[in-house]
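Read the figures in this text as sums done on the coordinates, not as results from a lab. Predicted model only: the values in this text are computed from it and were never measured. With ideal geometry, Cβ positions are generated from the backbone for all residues, glycine too; neighbour counts draw on all protein chains shown.
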Protein chains: 2
Amino acid sequence: MKAYKEMTTEELATEIEALKKEYRRYLSMELQLDMSRGKPCFDQLDLSMGMMDVLSSSADLSCEDGTDCRNYGVLGGIREAKVLIGDMMENNPDNVLIYGNSSLNVMYDQISRSYTHGVMGNTPWCKLDKVKWLCPVPGYDRHFGITEYFGIEMIPVPMLPTGPDMDMVEELVASDEAIKGIWCVPKYSNPQGYSYSDETVRRFARLKPAARDFRIYWDNAYGIHHLYDHDQDYLIEILAECKRAGNPDLVYKFASTSKITFPGGGIAALATSPNNLEDIRRQLQHQTIGYDKINQLRHVRFFKDIHGMTEHMRKHADIIRPKFEAVEQIFDENLGGLGIASWTTPKGGYFISFDAMEGCAKEIIDKAKKAGVKMTPAGSTWPYHNDPHDSNIRVAPTYPPLEDLKTAAKLFSVCVKLVSAQKLYEAAKEQ
Amino acid sequence: MKAYKEMTTEELATEIEALKKEYRRYLSMELQLDMSRGKPCFDQLDLSMGMMDVLSSSADLSCEDGTDCRNYGVLGGIREAKVLIGDMMENNPDNVLIYGNSSLNVMYDQISRSYTHGVMGNTPWCKLDKVKWLCPVPGYDRHFGITEYFGIEMIPVPMLPTGPDMDMVEELVASDEAIKGIWCVPKYSNPQGYSYSDETVRRFARLKPAARDFRIYWDNAYGIHHLYDHDQDYLIEILAECKRAGNPDLVYKFASTSKITFPGGGIAALATSPNNLEDIRRQLQHQTIGYDKINQLRHVRFFKDIHGMTEHMRKHADIIRPKFEAVEQIFDENLGGLGIASWTTPKGGYFISFDAMEGCAKEIIDKAKKAGVKMTPAGSTWPYHNDPHDSNIRVAPTYPPLEDLKTAAKLFSVCVKLVSAQKLYEAAKEQ
């Protein structure tokens with residue numbers, strides 16, 4: 001088909017009529033589908049049901065070192081969980097703290113702690129006039145939600161296929177002491193599925209921030225969440241690179257098993273330098289006597305080791321790979337060559353980033369919603385829910401069953417075409 | 001035996017020699033016993049092992065309303081957990097939020113949130129010059145640890161057998177806007193095992209604080225932790241009483257299953273008014289997508305309802321009642337009538353509060369430690385670890401096996417007698 005921009009006003013009018021008819025057909029189907037959140041689907045959750053059996057009433061709930069996981073104690077996690085999660089995060093177990101079920105909670109607490117007590121002896125952020133933060137865009141709405149909640153001024157930084165625009169990052173952090181952090185999803189980024197290039201990671205490790213309490217919030221949420229067996233992204237490990245670069249304390253690295261076992265009952269972790277760990281422990285000892293050790297033990301007994309976890313992730317990939325491929329194929333077939341949209345084709349993670357024509361995202365999402373397909377709200381991928389181009393849409397293909405997903409992707413394509421054609425038609429008429 | 005104070009210097013000298021000999025005998029036993037923390041013992045933990053079987057790989061991990069507990073969502077806890085914990089706390093399930101495994105964490109977060117964002121629209125505490133807190137003494141060291149960590153000035157308030165000195169509480173909160181809270185363990189208090197009288201609860205509900213953001217931190221840690229089947233303490237339910245008194249937003253009430261199921265893997269909760277709940281939810285939505293729902297479901301399936309939990313607590317009581325009674329009996333036999341110590345005889349909870357002669361606690365604890373019996377460090381029951389009388393010692397009888405506990409209590413009695421006799425002897429000589 002002809003690119004929409006090359007169509008005459010008459011051709012556009014005809015196209016719009018055809019699309020409206022098609023849209024009405026979807027309306028009549030009374031769909032109820034959800035492509036809004038990066039949730040594992042039912043089949044994925046079933047993969048981890050074996051975890052419910054590894055600790056029974058006849059099991060010994062003691063650690064290798066004899067600690068009774070049922071009782072109080074062990075701030076920071078049991079040793080064998082640190083080893084497993086250390087392997088998962090590619091970090092020394094000694095540098096890992098194990099938390100509760102939510103890495104978002106770990107990140108929130110990290111910022112809250114910096115706000116109330118400061119980072120490694122520096123002024124608590126609540127005593128500063130201004131705290132700023134770098135936000136690669138499009139990015140993760142819940143990240144932006146935390147910094148917004150703390151009244152931190154968020155500065156968008158464009159995401160490139162290699163990661164955040166590092167020229168801009170370097171210049172900003174070097175020149176402004178109020179900038180205290182940056183949100184990063186370095187591997188299979190949310191929402192693009194981009195993985196930071198070696199150069200990007202190297203430059204991150206060599207940042208020279210004006211603020212001594214600047215930290216990179218390295219949310220490695222999709223570290224082992226590959227879609228393909230062989231075509232996988234490998235990242236330079238950031239803590240090791242920071243150490244080599246002489247900046248050992250520059251990074252907090254986050255991860256969880258939420259999309260490995262159960263989002264509702266996984267374990268989260270933080271890896272960082274010994275100095276940062278000491279700083280965190282000083283606070284953490286007042287906050288809790290220790291997180292759920294039984295669930296930590298449950299994870300260890302289920303996976304045994306990182307090989308077990310890797311094999312497990314292949315099963316996840318087998319379930320969600322066809323979903324990503326189906327959506328991409330439907331976009332190709334329905335939107336390819338029309339010049340009205342572009343989208344990413346990730347090799348891992350949970351999202352596809354979709355860019356509509358400027359000024360169309362909100363309307364597309366509204367139209368899809370009206371026809372029963374829920375998308376992440378327009379603007380969500382930008383700080384303050386404000387996408388200045390009104391173009392980015394996060395597509396989450398994992399949750400719906402495959403056939404539903406195909407229907408949703410087709411309807412979504414119709415919405416994209418209809419809104420775009422109408423927009424071009426209006427523009428043509430005004431000329 | 002004669003009261004020590006009535007002994008002559010010579011009698012004291014003879015007594016000291018005999019006690020030294022006895023102490024040396026304990027030294028040679030190379031004991032390694034722990035009466036320092038309120039930890040359930042092995043047999044108590046075994047009571048809940050059935051909880052490890054109620055969710056197996058063949059179980060349906062869905063709530064009554066169809067929510068899949070394995071997946072994301074449900075901020076504030078699943079309905080059936082709210083019902084169970086609501087019954088446990090004597091509160092409407094609608095007024096309950098379920099958290100992770102630690103009520104200490106809930107309290108910490110509550111203060112942290114007040115510090116960073118303020119309570120119901122009031123000025124965040126970090127923007128105030130001064131925040132003060134009332135601390136009934138002797139009290140719980142981890143409570144004091146939180147307020148100290150936030151730089152909050154702690155004001156000791158004497159604990160009476162009826163609860164905190166309410167004349168003092170009423171006067172202080174009414175006159176000083178900087179006072180933002182009070183720590184309370186209203187039932188089987190830590191460390192005395194006192195339960196607040198009806199009058200105390202009524203007066204709490206009718207406080208007229210100068211600060212609009214003053215809250216009572218009502219840590220009902222031992223709400224159902226009775227030692228006896230029939231001789232139990234009942235408290236006026238504080239939220240209901242506050243509502244009746246026209247002060248619905250005055251209280252945050254905390255509880256957990258740490259000493260019901262597993263300290264290392266229980267669930268914690270907060271109950272409070274709809275206004276406070278809304279205030280908390282506004283924050284909580286940025287901190288987490290939801291706490292561990294699988295563990296919530298596990299608790300519900302195990303207990304079924306509050307009757308199941310009540311029966312379960314009787315089994316706990318059967319295990320720890322003999323321990324409390326043994327300690328009290330040994331204290332009676334060894335220290336009764338000597339006029340050098342007093343102690344409480346609680347009907348529930350986890351502690352006995354022991355008061356030695358002024359200026360003796362630290363030395364007693366050191367002596368016990370040297371002989372291999374670990375007690376909570378002297379001063380722990382006071383803010384800033386500063387017991388001005390150096391007399392209070394928290395005794396935790398639950399953790400050691402009964403025979404070990406008896407040995408520890410006997411040794412402890414020897415230490416008390418020896419230190420007291422020496423103190424009196426020195427004083428007599430100086431006269």
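Residues whose amide H falls under 5 Å from that of A:VAL157, counting only those 5 or more places apart or on a different chain, are A:CYS135, A:VAL137, with hydrogens built in the peptide plane. Each listed q (0.04, 0.10, 0.11 Å⁻¹) maps to a log10 I(q)/I(0) for the protein assembly as shown, found by the Debye formula over equal Cα scatterers with no solvent: -0.21, -1.13, -1.31. How far is helix A:166-175 tilted, in degrees, relative to the longest principal axis of the Cα atoms in chain A, given as a value from 0 to 90 rounded to the nearest 10? Helix A:166-175 sits roughly 50 degrees off the main axis of chain A. Our coupling estimate for segment A:84-89, obtained by passing each phi through the Karplus curve with A = 6.51, B = -1.76, C = 1.60 and θ = phi - 60°, is 4, 6, x, 5, 5, 8 Hz, Gly and Pro reported as x. Per residue, the convex hull spanned by the alpha carbons of segment A:324-431 comes to 103 Å³. Helical runs assigned H by DSSP (4 residues or longer) give chain B a calculated mean residue ellipticity at 222 nm of -13500 deg cm²/dmol, each run adding -39500 (n - 2.57) before division by the residue total. Placing a label point 7 Å from the Cα of A:ASP34 along the Cα-to-Cβ line, the residues of segment B:290-311 whose backbone N sits under 18 Å from it are B:290-294. Label-to-label distance, A:ASN386 versus A:PHE42, with points set 7 angstrom from Cα along the beta-carbon direction: 4.2 nm. The residue list B:LEU335, B:HIS312, B:ASN295 was ranked by how far each Cα lies along the charge dipole of segment B:294-359 toward its positive end, using unit charges on Cβ atoms, and B:ASN295 comes out on top. Among B:THR9, B:THR272, A:THR344, A:THR261, a tally of other beta-carbon atoms within 10 Å of each Cβ gives an order, fewest to most, of B:THR9, A:THR344, B:THR272, A:THR261.
In this structure the amide hydrogen of A:ILE267, modeled in the peptide plane, comes within under 5 Å of the amide hydrogens of A:THR257, A:SER258, none closer than 5 places in sequence on its chain. A protection proxy built from the mean count of other Cβ atoms within 10 Å ranks the segments A:352-365, B:405-418, most packed first, as B:405-418, A:352-365. For chain B, the list of Cys residues with no other Cys C-beta under 4.7 Å reads B:CYS41, B:CYS63, B:CYS69, B:CYS135, B:CYS184, B:CYS242, B:CYS360, B:CYS415. Peptide A:112-121 has a mean of 3 when you count, residue by residue, the C-beta atoms of other protein chains within 10 Å of its C-beta. Could you tell me whether segment B:380-431 comes out rounded, prolate or oblate from its Cα gyration tensor? Rule is a ≥ b ≥ c as square roots of the eigenvalues, rounded for a/c under 1.5, then prolate if a/b exceeds b/c, otherwise oblate. Cα axes put segment B:380-431 in the oblate bin. Between this copy and the others, label points of A:THR310 are 5.6 nm apart in ascending order, each placed 7 angstrom from Cα in the Cβ direction.
For the cross-link pairs A:LYS304/A:LYS347; A:LYS2/A:LYS369; B:LYS187/B:LYS304; A:LYS208/B:LYS127; B:LYS5/B:LYS362; A:LYS243/A:LYS304, the ones whose C-alpha atoms lie over 22 Å apart are A:LYS304/A:LYS347; A:LYS2/A:LYS369; B:LYS187/B:LYS304; A:LYS208/B:LYS127; A:LYS243/A:LYS304. The modelled label-to-label distance for the pair B:LYS369/B:GLU426, using points 7 Å beyond Cα in the direction of Cβ, is 1.7 nm.
With angles folded into 0 to 90 degrees, how steeply does helix B:274-287 sit against the dominant principal axis of chain B? Use alpha carbons for both and round to 10. With both axes taken from Cα atoms, the answer is about 90 degrees.
Computed over segment A:138-197, relative contact order equals 39 percent, with contacts defined as Cα pairs under 8 Å that lie 6+ residues apart. Normalised by 2.2 N^0.38 Å, where N is the number of residues, the alpha-carbon radius of gyration of chain A equals 1.05. Peptide B:255-264 has a mean of 4 when you count, residue by residue, the C-beta atoms of other protein chains within 10 Å of its C-beta.
When each of the peptides B:332-339, A:137-144, A:209-216 is scored by the mean number of other C-beta atoms lying within 10 Å of its residues, the order from highest to lowest reads A:137-144, A:209-216, B:332-339. Per residue of peptide A:62-74, the mean number of Cβ atoms on other chains within 10 Å of the residue Cβ is 4. Placing a label point 7 Å from the Cα of B:GLU170 along the Cα-to-Cβ direction, the distances to the matching points in the other copies come to 7.0 nm, shortest first.
Database remark: amide H of A:ARG215 closer than 5 angstrom to the amide H of A:GLY181, A:ILE182 (H placed geometrically; neighbours at sequence offset of 5 or more, or on other chains; Pro and chain starts carry no H). In chain B, the longest principal axis of the Cα atoms and the axis of helix B:293-303 are about 70 degrees apart. For B:GLU64 and B:ALA240, a Förster radius of 25 Å and the Cβ-Cβ distance give a FRET efficiency of 0.45, rounded to the nearest 0.05. With θ taken as phi - 60° and the Karplus curve 6.51 cos²θ - 1.76 cosθ + 1.60 applied, the whole-hertz 3J(HN,Hα) list for segment A:50-64 is x, 5, 6, 9, 6, 10, 10, 5, 8, 7, 8, 8, 9, 6, 4 Hz, x standing for glycine and proline. Taking a point 7 angstrom from the Cα of A:LEU75 along the C-beta vector, which residues in segment B:235-279 have backbone N less than 14 Å away? Of the residues in segment B:235-279, none has backbone N under 14 Å from the label point off A:LEU75.
Here the dipole of segment A:218-298 is about 380 debye; that uses its Cα centre as origin and unit charges on the Cβ of Lys and Arg (positive) and Asp and Glu (negative). Derived scalar couplings between HN and Hα for segment A:426-431 equal 4, 4, 5, 4, 6, 6 Hz in order, rounded to whole Hz, by the Karplus curve 6.51 cos²θ - 1.76 cosθ + 1.60 (θ = phi - 60°), x for Gly and Pro.
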